[in-house]
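Just below is one structure, and these are the notes that go with it.
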Amino acid sequence: SKSLSDEENLKLFGKCNNPNGHGHNYKARLLISLLFSLQIDPVSGMVLNLTELKEYMQEAIMKPLDHKNLDKDVPYFAEVVSTTENVAVFIWENLKKLLPMGTLYKVKVYETDQNIVVYKGEETISE
């Protein structure tokens, strides 16, 4: 965090505090909501076309984040600390712009098998 001293960053982030950065292979799961207000298309039988969903995911997640140094290559993280929590918020905000209103229920980001963040809009839950 640019807001903290080197000593404070080391104390707070431990081994993840590396001046040259460090990497993760994040996994993300999205839950699309089947709210009563959403209509199931009578022809396709879907609320959201899965081909379109894949395109949205490519645009909102893969294009800006895949094979990138979050702190150096992603403008969002120039001023926001690149924690798993903030990665989840970034994904949520990007997807929300593309998906039909009310379809995104939650974003679940796996930093490791033990470090998982679930984000539901303004509600964040660590698992």
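The values are calculated or read from the model by the stated rules, or taken from the named source; none is laboratory data. Treat the numbers as computed from the prediction; the structure is a model and nothing was measured. Cβ: placed from backbone, ideal geometry, glycine included. Neighbour counts: every protein chain shown. What goes into the accessible areas is simple: the full protein's heavy atoms, side chains included, and nothing from ligands, DNA or RNA. Shrake-Rupley method; radii C 1.70, N 1.55, O 1.52, S 1.80 Å.
Sort Tyr56, Tyr26, Tyr119 from largest to smallest accessible area, using a 1.4 Å probe on the heavy atoms of the protein chains.
Values: Tyr56 55, Tyr26 75, Tyr119 15 Å².
Highest to lowest solvent-accessible surface, that is Tyr26, Tyr56, Tyr119.
How about segment 35-119: which GluC sites (Glu not before Pro) there are in a DSSP loop, with at most 12 other Cβ atoms within 10 Å of their Cβ? Can you show the working numbers first?
Values: sites: Glu52, Glu55, Glu59, Glu79, Glu85, Glu93, Glu111; in loops: Glu79, Glu111.
The qualifying sites are Glu79.
Exceeding 31 Å between C-alpha atoms, which entries from my cross-link table qualify? They are Lys11/Lys63; Lys72/Lys106; Lys68/Lys96; Lys54/Lys120; Lys11/Lys54. Before the final figure, lay out the partial values.
Values: Lys11/Lys63 33 Å; Lys72/Lys106 27 Å; Lys68/Lys96 22 Å; Lys54/Lys120 20 Å; Lys11/Lys54 39 Å.
From Lys11/Lys63; Lys72/Lys106; Lys68/Lys96; Lys54/Lys120; Lys11/Lys54, over 31 Å: Lys11/Lys63; Lys11/Lys54.
Using the Karplus curve 6.51 cos²θ - 1.76 cosθ + 1.60 with θ = phi - 60°, what ³J(HN,Hα) values do you get for each residue of segment 45-57, in whole Hz, with x for Gly and Pro?
With coefficients 6.51, -1.76 and 1.60, one gets x, 10, 7, 9, 5, 5, 5, 5, 4, 4, 5, 4, 5 Hz.
Would you pull out the residues with amide H under 5 Å of Ala28's amide H, same chain only if 5 or more places away, H placed 1.01 Å from N?
Residues meeting the amide H criterion: Tyr110.
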